[in-house]
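Here's the structure, in structure tokens; my notes come after.
The values are calculated or read from the model by the stated rules, or taken from the named source; none is laboratory data. Not measured: the values here are computed from a predicted model. We place every Cβ from the backbone using ideal geometry, glycine too, and count neighbours over all the protein chains shown. Only protein heavy atoms, including side chains, enter the accessible area calculation; ligands, DNA and RNA are left aside. Shrake-Rupley method; radii C 1.70, N 1.55, O 1.52, S 1.80 Å.
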Amino acid sequence: MKGWESRVQRFSLLLLQEGEYYFRDYNCIQLSGSNIRLEGQLKICSLSIYFVPHNLNEPVFRLPYHSITGVRPSDAEDSLETFEVAALERIDMKTGNRNIPYIWNRGQFVFKFALTYTDLETVLAQIQRLIYISTTDGQGREEMLQEIIDAHEDSVQFSPGWFMDDGENIQLELTASRVTPLCWHRGRLVISPVRVYFLPFNVVSSAPLLTYSIKDVVTIQKRTHQLRDIGIELFFSGGESVYFAFKGPGELDRFYKKLVEQPSLTIEKERTLKQRRKDWASGKISNFDYLMFLNSQANRSFNDLTQYPIFPWVLSDYRSEVLDLNSRSSYRDLRKPIGALEPKRLENFLARYGEMKRMEEEAKREGRQSYTDVPFMFGCHYSTPGYVVYYLLRDKPQLMLKLQNGRFDSPDRLLCSIKETWESVLSLPTDLKELIPEFYSDNPEFLLNKEGLDFGVRQNGKIVRDVELPPWASDAKDFQAKMRAALESNYVSANLHHWIDLIFGYKQRGPRAEKSFNIFPHLTYDDNAKACLETETEERRRKAMNDQIREFGRTPSQLYSTPHPKRRVAYISIRERLANVKARLLSSLTVPKGLPCTKKKMDVKRALKLVLTKGGGDTGYAKRWLEITALTDSSKLAIKKSVHAQGLVNALRSKKLAKKKAAIQIIDILMREPSNVEILMGLGLQEPFIDAMSCEDLEVVECAVDLIIILSAKHSEFIDSFNVDALAALKRLVSGRSERLQIKSVRALGELGKLRNNRSRIIQLDSIQAMSADLKNTRKTNLVACVLETLSIISVDSDAFAKIKEVDLLRRVLTLCQYPEPKIQNAATLCLATLSMHNGFRLEIAQRGGLSILCASSCSADHRLQEVSSSALSNMFADTSVIDTIVREEGLWSIISMANSPSPKIQRHAARAFWHLAVHHENKKLLYDLGGLSSLVKLARNGERNIQSTLLAEEAISRLSEDAFMRGKIKEEHGEPLK
């Protein structure tokens, strides 16, 4: 869904000041004393200059234009044109590539930069003009800045050469914004017959083009963005979504109309609000799924913090050691809004509300009524961007830094304890927040301080770390599981409709809302806010209104104007439902007339006899019994005597297609019971099922391939030195017409290729060439990903080198590493990491740009990808022919990042790379210049926690100490060299 990022992306629009526009970046070097050179990028924005070093240990820093006292060219260095920036303020951020509070530095600073590829005069002119504009007041400033923005955006054009497939063309091109939490990315939005392309005007990542496959779209939802009907959100099969906003409703309608015209869009008609309500009331969908649906229908989106999905507090017990979900006292009263749960506090709210109503009447009589005079019960809302950021602090700390101007809130105002947060929403007059969906999901990241960030110390002396959970939760996952169980409980199912009435329904507005104690400030309701903005003419007051609307909460769109029906039956989970279905299937089996057994007497012996000797209903009954038993209790399929299975093996040898098909289908079922594998293989099953690979019937062939996969996964002893003819048959199937059979055949080759003997034969049969051909058809995402994973397995063999060279597989793999589909991208990177194990490929990988891909993957959130890429990088450092290239690019910074990984295995890879650098690289001082020495010493101090990395790091330090300069630095900064 997104393009490849060649290095760790430190800069994002979240770092910008409010209202700041990012234009473009320039590659440059920051020059400072002692010949220190920091390579990085200079980001030119409307209010500041940002410098983003490639060295992850160095901070990104911002120089606001208002603090810059001079910009001038300076003397050239090493044939590079340079310039100096004098400033009174420098703001550091992302130090060590961590989301920590910004540091404001004030003083007399001079920064010297050298541009590496760009004309100095052009850049200086742009910076000087922006500095001049920043000193201008009033309307003229805005007009001059908009002129520059317009010129910049006009220069960014979509090129048809970026289409990914032949035959694609521009169906529609518009200007739009991609909406993400707290950010809007403007750009060109293009529809082709098969994809949606988005080209941002301000390219933050190294992937200038974002691509979305239309065939993967499963739902389209129009949105209200900033109180205007100009938004649309596309949801994809993988669970992701993208949110676009347009200049006006007309452009939104054009985009929607053109998108639904494309033949590649095959979404099913979505069930209506009424149908979904009926599904929920009858127990067909869970409470969680129904609330997610209602939030989406009410214009709530995970991409918009001002309208983030809302979920209720359903529990009230956060003190007990054991949570009793059968006790009414464990639950919150869902008939009341948060503000009405505590009677004493409600009295105070109502007293103020009565006074406000009296003042409103007085204002009406005097003819001076304003939106500020409209009475409300609660001065704050139950859902605001601040509340969302409060909950997501640990998972997305960058959002709070954006919202709080580079700072975390004070420790006592952070999410520290679930119990304390619940007590706060019950008691404080300024705290009425409901929950967010994450509390009921299965991802506990938002509860854990995995980055180890310093959130400070509370007044009670406690350090803010992970969220403190209730006593009844053993850990974060257990907490979420019990919260989800409470949400789906009988009590909540019977009362959730009351809460829906308050948030989405008929108690949201008017007299019913007043009677239910559910009245919030006037501007939190979208229709009121629109009306006030339309009638307000004073710009200052309009800005104040917009700020209030954006920051102080928005009530969801009203979905129901009549009482919501109560749930009639409890929801049954998929697991419970599947168990019930299995039971019903067993009980519904009809015994054929004349069958000498009852359902209770049926066993595997009788079932096999019926399959092989009877026909018609008898065979169908026996086969169905076997299928259902495999689902419910596979142990009942255990074959007691080999004689019972002999007939099955003989039937597979039969020349009669019907008998062969029945036999292999039953064998597929019986293989799910491990004890049957040895019996069937001992009876000579391998030969007839290999023969089945060449059968004309695809169902027989598919069953045979399934058997290979089953045996490979759990019984590899039976498929070592696998039959060459069967391998050749699998290779032929790779090029077949059935995509499902292609994928299974490729997977089978991969499983077989894990064994050395099979791998050599697969290579000799030119299977690499056959599979490489399938890499061209990127429309078959699952097939391409499966081929890449299998090639990763086979390519470890030294015999594969010549074959890989012959088909130029490396070039294709490097191309797929930058393909926008994550599944293909990840599989290609794993394959690239495997290819780096071959000495003959390392130099070519470095020359063709593969190094930057491995560096980025070594910092990936995907642990498997991170581990394999880290191993590949350490392999690359072992090659003296490419070590200079690695160091010259971003390889060393990635190794430093790997050294700080919590994974012992990745730390070992980093230590090995440091050792190769210390032994083979002549410029040992570079390790100190780039901040790697402290990371190396840290590895050396691991001790017995990671003895391998410790020994390698100690040896690397010993080698570095042979250099006089490094010996001095080691002693100066870290004491005597470690021994």
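Below are the figures for this structure:
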quantity: Within the range 46-60, considering residues that are touching a residue at least 60 places away in the same chain (Cβ under 8 Å) and closer than 29 Å to Ile133 by Cα, the one most open to solvent (accessible area, probe 1.4 Å); calculated: Leu47
quantity: The range 537-552, subset assigned to a helix (DSSP H, G or I) and of a type in the set (Asp, Glu), residue most open to solvent (accessible area, probe 1.4 Å); calculated: Glu539
quantity: Some residue of the range 403-413 being in a helix (DSSP H, G or I), open to solvent by 60 Å² or more (accessible area, probe 1.4 Å), free of Cβ contacts under 8 Å to residues at least 40 places away in the same chain and not hydrophobic (A, V, I, L, M, F, W, C); calculated: yes
quantity: Of residues in the range 319-373 being hydrophobic (A, V, I, L, M, F, W, C) and over 30 Å from Cys532 (Cα atoms), the one surrounded by the fewest Cβ atoms within 10 Å (Cβ to Cβ); calculated: Val322
quantity: Per-region count, the range 79-119, residues in a loop (DSSP other than H, G, I, E, B) and closer than 30 Å to Glu451 by Cα; calculated: 6
quantity: Given (1) surrounded by 20 or more Cβ atoms within 10 Å (Cβ to Cβ); (2) not in a helix (DSSP H, G or I), number of the condition Val796 does not satisfy; calculated: (1)
quantity: Tally, over the range 1-49, of residues that are part of a strand (DSSP E or B), modelled with pLDDT under 90 and touching a helix residue (DSSP H, G or I) at 6+ places or on another chain (Cβ under 7 Å); calculated: 2
quantity: Sole exception among (1) within 30 Å of Lys284 (Cβ to Cβ); (2) not in a helix (DSSP H, G or I) for Arg512, by number; calculated: (2)
quantity: Matching residues in the range 426-445 - criterion: being assigned to a loop (DSSP other than H, G, I, E, B), acidic (Asp, Glu) and under 15 Å from Leu305 (Cβ atoms); calculated: Glu434
quantity: Options Ser516, Ser474: the member that is without any contact (Cβ under 8 Å) to a residue 60 or more places away in the chain and hydroxyl-bearing (Ser, Thr, Tyr); calculated: Ser474
quantity: Inter-residue pairs, beta-carbon under 7 Å, first in contact (Cβ under 8 Å) with a residue 24 or more places away in the chain and in the range 258-286, second open to solvent by less than 40 Å² (accessible area, probe 1.4 Å) and part of a helix (DSSP H, G or I), 6+ apart; calculated: Gln262/Ile214; Ser264/Ile214; Leu265/Ile214; Leu265/Leu259; Trp280/Tyr290; Ile285/Asp279
quantity: Asp150 vs. criteria surrounded by fewer than 17 Cβ atoms within 10 Å (Cβ to Cβ), acidic (Asp, Glu) and at pLDDT 90 or above; calculated: yes
quantity: Residue pairs meeting the criteria (Cβ under 9 Å; at least 6 apart or on separate chains; first over 22 Å from Gln548 (Cβ atoms), in the range 296-310; second aliphatic (A, V, I, L, M) and surrounded by fewer than 23 Cβ atoms within 10 Å (Cβ to Cβ)); calculated: Gln297/Leu273; Gln297/Leu559
quantity: Only listed residue being free of Cβ contacts under 8 Å to residues at least 60 places away in the same chain, farther than 20 Å from Ala728 by Cα and within 28 Å of the chain's Cα centre (by Cα), chosen from Lys744, Lys805, Lys823; calculated: Lys823
quantity: Leu393, sole failed condition from (1) of a type in the set (A, V, I, L, M); (2) within 30 Å of Asp92 (Cα to Cα); (3) modelled with pLDDT under 90; calculated: (3)
quantity: Condition met for Leu124 (within 25 Å of Gln17 (Cα to Cα) and open to solvent by less than 50 Å² (accessible area, probe 1.4 Å)); calculated: yes
quantity: So Asn27, is it in contact (Cβ under 8 Å) with a residue 24 or more places away in the chain, farther than 25 Å from Arg141 by Cβ, open to solvent by 30 Å² or more (accessible area, probe 1.4 Å) and not charged (D, E, K, R); calculated: yes
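Residues are listed down the side, and each one gets a yes or a no for (1) open to solvent by 30 Å² or more (accessible area, probe 1.4 Å); (2) over 18 Å from Phe236 (Cα atoms):
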site: Thr175; (1), (2): no, yes
site: Cys183; (1), (2): no, yes
site: Leu189; (1), (2): no, no
site: Ser213; (1), (2): no, no
site: Val217; (1), (2): no, no
site: Lys222; (1), (2): yes, no
